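Colleague: Quick one: the structure is below, and I'll ask about it shortly.
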Amino acid sequence: MAGLRSDHPGSGPRQVDVVVVGAGFAGLCALHKLRNVMGLSVQVFEAGDGVGGTWFWNRYPGARCDSESFYYCYSFSDELAQEWEWTGKYPEQPEIERYLNHVADRFDLHRDIQLGTRVSAARFDESSGRWEVELEAGERVVAQYLVTAVGCLSAANVPDIAGLDSFAGEVYLTAKWPREGVDVMGKRVGLIGTGSSGIQATPRLAADAAHLSVFQRTPNFTIPARHQAFLAEDQAAIKGNYSAIFELTRQTAGGFPYLSIDRQTMDVPVEERLQVLDALWEEGGFKFLWGGFSDLLRDPAANEFVSEYIRQKIRATVNDPETAELLCPNDHPYGSKRPPIDTDYYVTFNRDNVRLVDVRSHPIEEITPTGLRTDDEVFDLDVLVLATGFDAMTGALLNIDIRGVGGLRLADAWKDGPRTLLGLQVAGFPNLFTITGPGSPSVLLNMPVAIEQHVDWIGELIDHMREHGMARVEAVEAAQDAWVEHVAEVSKDSLMGRANSWYVGANIPGKPRVVTPYAGGQPLYRERCEAIKNAGYEGFVFSA
Ligand code: NAP
């Protein structure tokens with residue numbers, strides 16, 4: 001295979017400069033940078049049978065990106081940006097999967113990506129200073145650097161519900177939707193989960209199924225996406241302005257190409273406040289969270305005003321008052337969980353074939369061979385859809401048995417919560433880089449922007465090492481402690497810690513409760529990354 005080197009052909013494991021785990025947005029970007037730009041030998045291992053990562057697996061009906069297409073893409077190639085035509089504002093999963101395959105073709109990436117191959121373990125060999133990477137099938141590969149591009153939302157959470165295995169009908173996870181699709185036409189479908197995935201899938205399942213029961217434990221605030229197809233003039237305006245758009249995405253707090261407004265909600269008279277919210281509601285999308293007022297995630301009163309505004313929209317949309325009230329969130333501030341964006345979610349509950357089932361008041365007791373039983377009712381089902389989320393940010397990393405210096409297991413190093421320096425490296429795990437790792441802004445940013453910044457930073461660090469004849473780099477424990485403290489400190493200003501969400505690990509029983517993404521915003525994060533680099537990688541220790 002091209003790009004692979006073996007010091008002892010035919011005897012010993014294959015050797016490469018870098019092993020990258022995952023061929024989603026991050027893995028493809030890393031392969032392009034490290035191999036095409038820097039000339040390293042790189043081997044990518046991807047568990048799926050195609051590239052795309054999250055956009056390979058999450059092909060459930062209605063799966064659509066919540067960020068706008070024209071900036072939810074790579075910025076590293078002007079030619080790519082100019083030649084690719086997004087069909088509309090919020091691309092559906094097949095379009096993003098096509099885009100990522102196009103990228104893989106265009107930059108000749110496929111030849112160094114081994115599909116259908118799961119990395120099961122990686123061990124740092126102190127004598128050679130290399131990573132021994134083990135594949136599920138037993139093969140081993142040796143690399144100087146190990147770069148994880150495993151995604152923040154890729155380890156699916158299968159809920160521990162009694163009897164799940166006994167169900168005689170079809171069971172699907174939104175996070176592992178079959179490639180050949182699922183036909184629910186004329187079937188009785190049960191959907192568990194009302195996060196972004198469940199909210200996107202609900203209207204589509206309802207349209208096809210004979211009947212849909214949505215089992216809701218916690219209601220969620222969702223904002224209309226207001227998807228639109230692009231016209232030729234939209235394409236031209238975007239392409240004519242791409243360098244400025246991309247530049248702006250690197251400067252704003254969330255990585256979106258929009259300047260935020262410095263306006264405090266309660267300083268604005270009520271009438272005007274409502275006008276701002278009406279305009280944002282009509283426009284749709286994430287902008288509702290940050291495009292009108294700047295204090296929604298800091299000021300509880302401001303947040304409650306906006307939360308109530310959304311509840312009123314729900315009550316105005318859903319005909320049955322009891323169902324409307326059940327859909328109104330009241331246990332967390334708006335935006336303290338990752339806010340979903342929807343197309344026709346609330347209005348779907350006006351359909352005769354859809355029922356919202358409150359499994360907070362009447363918990364699911366078991367799945368039976370013929371359906372689902374709550375503590376007060378039995379539901380006969382043909383299909384069960386689990387939109388039950390992910391072991392976010394750490395799950396996919398810890399699913400690999402990663403062992404660093406002295407055989408230290410990453411799972412043990414992180415038993416009280418993840419500890420990293422910049423979300424990029426872990427003390428005790430030399431030459432391991434974690435793209436969009438815990439402690440980096442990742443999930444709070446427009447993902448491709450977060451990924452490109454990490455990949456560039458890692459590339460520069462490896463360049464620095466090559467220039468200085470260094471072979472090993474590792475985060476210093478004290479610098480890591482300081483970073484972990486800083487991550488905790490910046491999250492105190494945010495209401496994010498108040499919700500039982502995957503941001504804090506609350507969705508996974510037994511997971512330590514820690515605000516895992518860096519909430520200080522992109523500008524401060526980039527400033528820290530640059531300052532550390534410019535100080536000769538302060539906080540990292542190198543050896544030859
Ligand atoms: P999620 O937000 O974690 O939601 C999981 C849902 O499953 C919650 O409603 C949860 O209820 C419910 N649930 C879990 N276990 C349950 C059980 N045993 N019984 C009843 N209900 C149970 O997961 P997600 O919807 O997959 O979204 C995760 C993240 O992926 C999103 O926040 C977003 O960042 C990303 N995503 C993005 C897009 C996009 O850009 N278009 C689309 C989908 C997902 P509780 O709340 O009560 O725990």
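The values are calculated or read from the model by the stated rules, or taken from the named source; none is laboratory data. For clarity, every value in this text was computed on a predicted model and none was experimentally measured. Here the Cβ is made from the backbone with ideal geometry for all residues, glycine too, and neighbour counts use every protein chain on show. Quick note on the areas: whole protein, heavy atoms, side chains included, nothing else; ligands and nucleic acids left out. Shrake-Rupley method; radii C 1.70, N 1.55, O 1.52, S 1.80 Å.
Colleague: Yes or no: residue 83 closer than 29 Å to residue 338 by Cα, of a type outside the set (Phe, Trp, Tyr) and open to solvent by 30 Å² or more (accessible area, probe 1.4 Å)? First the steps, then the outcome.
Modeller: Working: closer than 29 Å to residue 338 by Cα: no; of a type outside the set (Phe, Trp, Tyr): yes; open to solvent by 30 Å² or more (accessible area, probe 1.4 Å): yes.
No; evaluated as a whole, the condition is false for this residue.
Colleague: Inside the stretch 120-131, can you point out the residues that are open to solvent by 10 Å² or more (accessible area, probe 1.4 Å), in a strand (DSSP E or B) and either modelled with pLDDT under 95 or out of contact with any Lys or Arg (no Cβ under 6 Å at 6 or more places or on another chain) (or both)? Explain how you work it out, then say what you get.
Modeller: Going residue by residue through the stretch 120-131, those that are open to solvent by 10 Å² or more (accessible area, probe 1.4 Å) are 120-121, 123, 125-130.
Of the ones still in play, those that are also in a strand (DSSP E or B) are 120-121, 123, 125, 130.
Those that are open to solvent by 10 Å² or more (accessible area, probe 1.4 Å), in a strand (DSSP E or B) and either modelled with pLDDT under 95 or out of contact with any Lys or Arg (no Cβ under 6 Å at 6 or more places or on another chain) (or both): 120, 121, 125, 130.
Colleague: Ok, one more. Mind listing whichever residues of the stretch 298-328 are aliphatic (A, V, I, L, M), touching a helix residue (DSSP H, G or I) at 6+ places or on another chain (Cβ under 8 Å) and open to solvent by 10 Å² or more (accessible area, probe 1.4 Å)?
Modeller: So the first thing to find is which residues in the stretch 298-328 are aliphatic (A, V, I, L, M), and the list is 301-302, 306, 310, 314, 316, 318, 324, 326-327.
Adding the requirement that they be touching a helix residue (DSSP H, G or I) at 6+ places or on another chain (Cβ under 8 Å) leaves 301-302, 306, 314, 318, 324, 327.
301, the sole residue that qualifies.
Colleague: Could you check the stretch 522-544 and list, in sequence order, the residues that are modelled with pLDDT of 95 or more and outside any helix (DSSP H, G or I)?
Modeller: Restricting attention to the stretch 522-544, the residues satisfying the condition of being modelled with pLDDT of 95 or more are 522-543.
Matches in the stretch 522-544: 535, 536, 537, 538, 539, 540, 541, 542, 543.
Colleague: So, of the residues in the stretch 199-231 that are surrounded by fewer than 19 Cβ atoms within 10 Å (Cβ to Cβ) and closer than 22 Å to residue 70 by Cα, which turns out to be farthest from the ligand (Cβ to nearest atom)?
Modeller: Only one residue fits best here, namely 231.
Colleague: Residues of the stretch 47-67 being near the ligand (Cβ under 9 Å from one of its atoms), of a type in the set (A, V, I, L, M) and open to solvent by 10 Å² or more (accessible area, probe 1.4 Å), which ones?
Modeller: Answer for the stretch 47-67, where residues must be near the ligand (Cβ under 9 Å from one of its atoms), of a type in the set (A, V, I, L, M) and open to solvent by 10 Å² or more (accessible area, probe 1.4 Å): there is none.
Colleague: Could you say whether any residue in the stretch 220-228 is part of a helix (DSSP H, G or I), more than 23 Å from the chain's Cα centre (by Cα) and of a type outside the set (A, V, I, L, M, F, W, C)? Reasoning before the result, please.
Modeller: Applying the first criterion (part of a helix (DSSP H, G or I)) to the stretch 220-228 yields none.
No; the residues of the stretch 220-228 include none that is part of a helix (DSSP H, G or I), more than 23 Å from the chain's Cα centre (by Cα) and of a type outside the set (A, V, I, L, M, F, W, C).
Colleague: Of the conditions (1) within 16 Å of the ligand (Cβ to nearest atom); (2) among the aromatic types (Phe, Trp, Tyr); (3) assigned to a helix (DSSP H, G or I), residue 246 satisfies every one except a single condition; which number is it?
Modeller: The single condition residue 246 does not satisfy is (1).
Colleague: Taking residue 171 as the residue in question, decide whether it is within 14 Å of the ligand (Cβ to nearest atom), open to solvent by 40 Å² or more (accessible area, probe 1.4 Å) and part of a loop (DSSP other than H, G, I, E, B).
Modeller: Numbers: within 14 Å of the ligand (Cβ to nearest atom): yes; open to solvent by 40 Å² or more (accessible area, probe 1.4 Å): yes; part of a loop (DSSP other than H, G, I, E, B): no.
Taking the combined requirement at face value, the residue does not satisfy it.
Colleague: Does residue 372 fit the bill of being among the aliphatic types (A, V, I, L, M) and in the same structural domain as residue 501 (by TED's automatic domain parsing)?
Modeller: no
Colleague: Kindly provide the set of residues from the stretch 232-257 that are charged (D, E, K, R) and open to solvent by less than 70 Å² (accessible area, probe 1.4 Å), ordered by number.
Modeller: Scanning the stretch 232-257 gives 234, 239.
Colleague: Taking into account only those residues within the stretch 370-400 that are open to solvent by 50 Å² or more (accessible area, probe 1.4 Å) and of a type in the set (D, E, K, R), which is nearest to the chain's Cα centre (by Cα)?
Modeller: Out of the qualifying residues, it is 373.
To keep it simple, each residue is scored yes or no on (1) more than 16 Å from the ligand (Cβ to nearest atom); (2) in a helix (DSSP H, G or I); (3) closer than 30 Å to residue 15 by Cα.
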position: 133; (1), (2), (3): yes, no, yes
position: 137; (1), (2), (3): yes, no, yes
position: 144; (1), (2), (3): yes, no, yes
position: 151; (1), (2), (3): no, no, yes
position: 159; (1), (2), (3): no, no, no
position: 175; (1), (2), (3): no, yes, no
position: 182; (1), (2), (3): yes, no, no
position: 190; (1), (2), (3): no, no, no
position: 197; (1), (2), (3): no, yes, no
